[in-house]
1. Can you tell me which lysines have their Cα less than 28 Å from the Cα of residue 496? Leave out same-chain residues fewer than eight positions away.
2. Starting at the first residue of region 276-292, write each ³J(HN,Hα) from the Karplus equation 6.51 cos²θ - 1.76 cosθ + 1.60 with θ = phi - 60°, in whole Hz, x for Gly and Pro.
3. Which listed residue (142, 155, 118) has the Cα farthest towards the positive end of the charge dipole for region 113-167, taking +1 on Lys and Arg C-beta and -1 on Asp and Glu C-beta about the Cα centre?
4. Treat every Asp and Glu Cβ in region 1-100 as -1 and every Lys and Arg Cβ as +1, leave all other atoms uncharged, and give the resulting dipole magnitude about the Cα centre to the nearest 20 debye.
5. If amide hydrogens are placed 1.01 Å from N in the peptide plane, which non-local residues have theirs closer than 5 Å to the one on residue 454?
6. Taking the alpha-carbon centroid of each part, what is the distance from region 374-408 to region 443-505 in angstrom?
7. Across region 336-349, in residue order, what do the Karplus-derived ³J(HN,Hα) couplings come to in whole Hz, using 6.51 cos²θ - 1.76 cosθ + 1.60 with θ = phi - 60° and x for Gly and Pro?
8. Through the Karplus equation 6.51 cos²θ - 1.76 cosθ + 1.60, θ set to phi - 60°, convert the phi angles of region 47-53 into ³J(HN,Hα) values in whole Hz; use x for Gly and Pro.
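No value in this document is a laboratory result; all are computed from the given coordinates. Please read all numbers here as calculations on a predicted model, not as lab measurements. As a convention, Cβ positions derive from the backbone with ideal geometry for all residues, glycine included, and neighbour counts pool all protein chains shown.
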Amino acid sequence: MEYRKLTSDEIRDLEIRGCGGDFGGVEVRADVEMGESLKHIGNVTFSGSVRFGLFEESFILAGGVRKHSGLKNVTLHNVCVGDNSYIGGISNYVANYDIGSRTMIENVDVIVTEGESSFGNGTPVSVLNETGGREVAMVDCLSAHLAYIMALYRHRPVLSERLKAITDRYTREHVSDRGTIGSDVTIRNTGSITDVCIGDHAVISGAGRLHRGTVVSNACAPVTIGYGVVAEDFIVCSGSSVEDNVTITRCFVGQACKLGHGYSASDSLFFSNSQGENGEACAIFAGPFTVTHHKSTLLIAGMFSFMNAGSGSNQSNHMYKLGPIHQGILERGAKTASDSYILWPSRVGAFSLVMGRHVTHSDTTNLPFSYLIEQGNNTFLVPGVNLRSVGTIRDARKWPRRDGRTDPDKLDYINYNLLSPFTIQKMFKGLKLLGNLQYSSGMLSDIYSFHSTKIKNSSLRKGLEFYNLGITKFLGNSLISRLEGKDLRSNDDIRKALEPDSRTGKGDWVDLSGLIVPKSEVERLLNAIEDGSVGTLEEVNAAFKEMNDNYYSWEWTWAYDRIEEYFGIRPDRVTASEVIDIVRKWQDAVISLDRMVYEDARKEFNLASQTGFGADGDRSRKEKDFESVRGDFEHNSFVEATLRHIEVKKALGDSVIERMEKIIANK
């Protein structure tokens, strides 16, 4: 767009309206008549280079108040303002900013870019270890998976150097001495905004202080920053809200996150769909769906994902010796009960529940779906029991529905599967581990000791049962999915259908904070980064996308090998009769687990759960009051879904068996 200098008549008109300063640096659009627009400029002091467009439209505010676009009561220094924006009531000034169209900025102290700034990009976040050593450099396109590698793969110094070079290059590309405020932005009743870039459609209302940051907002996923927010050295990504006296320092807030109700955090990373309210966080790696809502909850120096922190949850990352140097990991889906405490270092297996106080530095990574319970200052482990928990199944169903990301450009690739090569490989290791404990300590031992925890005999035996059910369910699911929709008329057809599409997927799998992938593919990417064949953030993110897109193909490669290991059946020589055997075992496992979940749900409707209902009545009134509030058991939506699941899976298994029986009959 071409601009021109003001005419002498235009300068005189502006002076009449109380404007002053250096008119020599003021330019207006050259392609249109500016006469009417200049009527909406008053009491403006110009300094440096100032450009502005037309002021023809009005804003309709809450309550129906109409306010015309224009410039009122403001000092502008080196500012470019788009068409139909409004800037007014600025206590100090706006300096060194490019402002888009249809943007309203009103009642703000100061908006300024002071010299060159990277606007939060490149800021090192001392995640997990407050004293440093695992810093993650924030960038406005940071994914949970890249941050995971940056933080945890420090045993590869060349990789760390290459990643630093990549993020440094990206940061340099975003350094500027001018800030940007996009189009359709609203900034009202806010204190100082210094060195902050703000994307389109953002709403900033009542914030206290925003310094050195980026608000990655757009029309598909606006960002809201609300009253009392103080943010320094930060990045807030699309679709997120930070409101109600939140304080964040050196923090990355990923897509569709919610921070509110006085939450405070420093040196922390929050990725997609995480929520923080009331409590505190320090040096945490909050992977997707990390949720903490309670005032008394402190998350510190830990890595989490798909996690819900109970009221009063706390961790300690030092033992009063060398300071806050210890860290811990709660693998995906792990939860903490109210008033739980963990003394780092510790590692809790996937989808486990922590109850009570634990100070023994346990590592239960190969015993997923467990309870960790405090009894007499000891940590007792109940392996696998969470596989039958109604809460675990409910969580697995709700996470996909609660993905609030509306930005088509998603930063994190999230795998929601409860059972995957990542968790099933741990069940295989758990079977071996529990079997070895039985062998070494004897079948009749009352208590078994494992890695600073204790396991009761009955718990160990049930753990073996749970893990066998989980493995059978997963492998059966994979087998049936592979055979669905295929024209099968012979054993050879079955074997051909089961042939993997790729050799990728063998060996161990890892969870890159939401993205479940073969370890071999992670190694391939890291090698490519180290040798320079992958050298940009775009290329790194493209590699993560490829991993996500190939998940089910690679998952089958892994399951294909495990079928022989677990069932003793070679898929390349499998027969219809053997498929029937596997499917029947799968049916039994699925139905058994669903029945356990069904019985666990029933506990929510027993008499003990009705305590507090029907406060002034007898048992009959209590039951009626409970039913009016909670509904009855048989018509509960979750219970009905569980019963339907049993029917559907039984019918699916029967259908596969029928197809196999036809193959046998046609031999």
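1. Reachable lysines: 473, 486, 506, 519, 585, 649, 650, 662, 667.
2. Going residue by residue, I get x, 9, 6, x, 10, 9, 9, 6, 9, 10, 9, x, x, 6, 7, 10, 9 Hz, with x marking Gly and Pro.
3. The listed residue farthest towards the positive side: 155.
4. Values: 10 positive and 14 negative charges, 74 e Å.
Rounded to the nearest 20 debye, it is 360 debye.
5. 379, 380, 381
6. First find each Cα centre; the distance between them is then 20 Å.
7. 10, 7, 4, 6, 6, 9, 10, 8, 5, x, 7, 9, 10, x
8. Using θ = phi - 60°, the values come out as 8, x, 9, 10, 10, 8, x Hz.
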